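Peer 1: Dropping the structure in here first, questions after.
The values are calculated or read from the model by the stated rules, or taken from the named source; none is laboratory data. None of these values were measured; they are calculated from a predicted model. Here the Cβ positions follow ideal geometry from the backbone for every residue, glycine too, while neighbour counts run over all protein chains shown.
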Amino acid sequence: TMDELRYDGQTVVVTGAGGGLGKAYALFFASRGASVVVNDLGGSFKGEGSSSKAADVVVNDIRAAGGKAVANYDSVENGDRIIDTAIQNFGRIDVLLNNAGILRDVSFKNMSDQDWDLVIKVHVRGAYKCARAAWPYFRKQKYGRVINTASAAGLFGSFGQCNYSAAKLSQVGFTETLAKEGYKYNIICNVIAPIAASRMTQTVMPPDILDNLKPDWVVPLVAVLVHSSNTNETGSIFEVGGGHVAKLRWERAKGALLKTGPTLTPGAILKKWKNVNDFSEPSYPTGVADFMTLLEEASKLGDNDQGEKVDFSGKVVLIT
Ligand code: NAI
């Protein structure tokens with residue numbers, strides 16, 4: 001026998017569900033029993049204009065297949081209205097997929113305030129407004145599942161996308177804190193860096209590669225993370241797409257511990273540069289460094305050695 005993960009009786013809000021990844025999420029969760037709010041502003045990928053068509057098409061597809069869905073055409077900047085749509089129509093919200101997004105790619109040299117502000121507004125403020133509106137419901141019912149959407153561009157940087165990179169990495173920090181604050185209320189929050197063929201990527205990747213990058217290949221991981229059976233995987237970052245699924249985490253080098261005081265000079269840092277960069281015995285922090293322990297250890301140290309260089313005459317000179 002087989003047992004599929006199901007979402008009967010739950011309401012799933014998908015932002016930017018008129019196309020690409022959002023549409024794939026909406027169709028999937030509706031097919032697995034959820035009532036879906038299909039939100040989409042219906043503008044261009046650069047964030048211009050609006051239309052009800054994108055969301056309507058998806059709602060019609062879902063209903064034609066016997067599923068439950070309702071459209072919402074607000075910008076994610078008005079997240080409260082999107083969550084209201086869930087409450088008005090289905091009486092509850094269980095899952096929020098913060099997925100809507102735009103691109104305004106341009107080199108940093110040519111970036112305008114408008115290109116910067118619009119991208120930050122949609123990705124950062126939009127995800128905030130939707131989560132903020134859903135949060136009281138999640139807390140009250142002691143149940144909530146959130147996916148925020150980062151990007152490789154945010155994690156690693158990407159030419160021509162400094163606005164988008166900044167917006168996307170913000171979703172990691174945002175998710176980490178929501179995961180910590182939500183945990184005791186059974187609110188589980190994760191962040192994905194997806195890769196999929198969509199109108200966003202069709203101009204930057206060749207067609208034969210895009211064929212293997214269907215949005216459908218991102219959906220199953222999201223389905224696992226937001227299912228009620230996931231009560232522990234929270235605050236995690238995943239790369240997902242084209243059949244690849246992997247968690248990412250921070251790695252801390254061995255590092256240098258220096259005595260504070262007059263010998264903590266630039267030269268002392270240079271002297272320890274190898275340790276600062278030594279990943280041979282890494283740790284994997286999930287919180288801030290324990291500064292009390294570090295302070296205590298540092299206080300036991302002697303004065304710091306200074307860096308050295310050999311000058312033109314072959315003499316060793318200390319750097320401070
Ligand atoms: P897409 O352009 O096909 O879908 C985004 C949807 O969001 C569009 O239907 C658009 O109308 C909607 N939208 C835009 N601004 C909105 C607003 N203010 N309010 C409501 N809806 C709005 O793009 P795709 O590829 O499906 O992207 C989905 C998410 O995944 C985005 O957050 C994107 O940044 C992220 N992502 C996608 C990658 C990819 O390879 N496709 C790579 C990394 C991240």
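Peer 1: On the basis of being outside any loop (DSSP other than H, G, I, E, B), farther than 30 Å from LEU21 by Cα and outside the structural domain of GLY173 (by TED's automatic domain parsing), does LYS259 make the cut?
Peer 2: Details: outside any loop (DSSP other than H, G, I, E, B): no; farther than 30 Å from LEU21 by Cα: yes; outside the structural domain of GLY173 (by TED's automatic domain parsing): yes.
Judged against the criteria, LYS259 is not a match.
Peer 1: Restricting attention to the range 141-159, does a residue exist that is free of Cβ contacts under 8 Å to residues at least 24 places away in the same chain and among the hydrophobic types (A, V, I, L, M, F, W, C)?
Peer 2: Within the range 141-159 (the criterion being free of Cβ contacts under 8 Å to residues at least 24 places away in the same chain and among the hydrophobic types (A, V, I, L, M, F, W, C)), the answer is yes, since at least one residue qualifies.
Peer 1: Which of the residues that make up the range 47-84 are surrounded by fewer than 24 Cβ atoms within 10 Å (Cβ to Cβ) and in contact (Cβ under 8 Å) with a residue 60 or more places away in the chain?
Peer 2: GLY47 - this is the single residue of the range 47-84 that is surrounded by fewer than 24 Cβ atoms within 10 Å (Cβ to Cβ) and in contact (Cβ under 8 Å) with a residue 60 or more places away in the chain.
Peer 1: While we're on this one: Please name all residue pairs, on different chains or six or more residues apart, with Cβ atoms under 7 Å, provided the first residue is in the range 216-229 and is among the charged types (D, E, K, R) and the second residue is in a helix (DSSP H, G or I) and at pLDDT 95 or above.
Peer 2: What qualifies is ASP216/ALA24.
Peer 1: Scanning the range 9-25 for residues that are of a type outside the set (A, V, I, L, M, F, W, C) and within 16 Å of the ligand (Cβ to nearest atom), which turns out surrounded by the fewest Cβ atoms within 10 Å (Cβ to Cβ)?
Peer 2: Step by step, filter the range 9-25, then rank; the result is GLY19.
Peer 1: Given the options PHE238, PHE291, name the one that is in the same structural domain as ILE209 (by TED's automatic domain parsing) and within 30 Å of ILE188 (Cα to Cα). Can you show your working first?
Peer 2: Numbers: PHE291 fails: in the same structural domain as ILE209 (by TED's automatic domain parsing).
The conditions single out PHE238.
Peer 1: (1) of a type outside the set (A, V, I, L, M, F, W, C); (2) surrounded by fewer than 24 Cβ atoms within 10 Å (Cβ to Cβ); (3) assigned by TED's automatic domain parsing to the domain that holds GLN141: which one isn't true of ARG6, the others all being true?
Peer 2: Among (1) of a type outside the set (A, V, I, L, M, F, W, C); (2) surrounded by fewer than 24 Cβ atoms within 10 Å (Cβ to Cβ); (3) assigned by TED's automatic domain parsing to the domain that holds GLN141, the lone unmet condition for ARG6 is (3).
Peer 1: Report the residue count in the range 113-142 for those that are buried (at least 24 other Cβ atoms within 10 Å of the Cβ) and either among the acidic types (Asp, Glu) or within 12 Å of the ligand (Cβ to nearest atom) (or both).
Peer 2: Of the residues in that region, 6 qualify.
Peer 1: Right, here's the next one. Please find, within the range 26-72, the residue that is farthest from the ligand (Cβ to nearest atom) out of those that are polar (S, T, N, Q) and over 16 Å from ARG6 (Cα atoms).
Peer 2: Here is the first cut: in the range 26-72, the ones polar (S, T, N, Q) are 31, 35, 39, 44, 50-52, 60, 72.
Of the ones still in play, those that are also over 16 Å from ARG6 (Cα atoms) are 39, 44, 50-52, 60, 72.
On the way: ASN39: 6, SER44: 8, SER50: 8, SER51: 9, SER52: 11, ASN60: 15, ASN72: 9 Å.
Result: ASN60.
Peer 1: Taking the range 82-102 as the search range and keeping residues that are assigned to a loop (DSSP other than H, G, I, E, B) and touching a helix residue (DSSP H, G or I) at 6+ places or on another chain (Cβ under 6 Å), which one is farthest from the ligand (Cβ to nearest atom)?
Peer 2: The residue in question is ILE93.
Peer 1: Do we find a residue being closer than 19 Å to HIS227 by Cα, in contact with a Phe, Trp or Tyr (Cβ under 7 Å, 6 or more places away or on another chain) and modelled with pLDDT of 95 or more anywhere in the range 145-166?
Peer 2: Yes: the range 145-166 contains one or more residues that are closer than 19 Å to HIS227 by Cα, in contact with a Phe, Trp or Tyr (Cβ under 7 Å, 6 or more places away or on another chain) and modelled with pLDDT of 95 or more.
Residues are listed down the side, and each one gets a yes or a no for (1) surrounded by 12 or more Cβ atoms within 10 Å (Cβ to Cβ); (2) under 30 Å from GLU233 (Cβ atoms); (3) at pLDDT 95 or above:
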{"residue": "LYS254", "(1), (2), (3)": "yes, yes, no"}
{"residue": "THR260", "(1), (2), (3)": "no, no, no"}
{"residue": "LYS274", "(1), (2), (3)": "no, no, yes"}
{"residue": "PHE279", "(1), (2), (3)": "no, yes, yes"}
{"residue": "ALA289", "(1), (2), (3)": "no, yes, no"}
{"residue": "VAL310", "(1), (2), (3)": "no, no, no"}
{"residue": "GLY314", "(1), (2), (3)": "no, no, no"}
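Peer 1: With respect to GLN202, determine if the residue is at pLDDT 95 or above, surrounded by fewer than 16 Cβ atoms within 10 Å (Cβ to Cβ) and either not assigned by TED's automatic domain parsing to the domain that holds ALA223 or not basic (Lys, Arg) (or both).
Peer 2: In short, no.
Peer 1: When you scan the range 192-199, do you find a residue that is of a type in the set (Ser, Thr, Tyr) and surrounded by fewer than 20 Cβ atoms within 10 Å (Cβ to Cβ), even just one?
Peer 2: Of the residues in the range 192-199, the ones of a type in the set (Ser, Thr, Tyr) are 198.
Pick out the ones that are also surrounded by fewer than 20 Cβ atoms within 10 Å (Cβ to Cβ) and you get none.
So far as the range 192-199 goes, no, none of its residues is of a type in the set (Ser, Thr, Tyr) and surrounded by fewer than 20 Cβ atoms within 10 Å (Cβ to Cβ).
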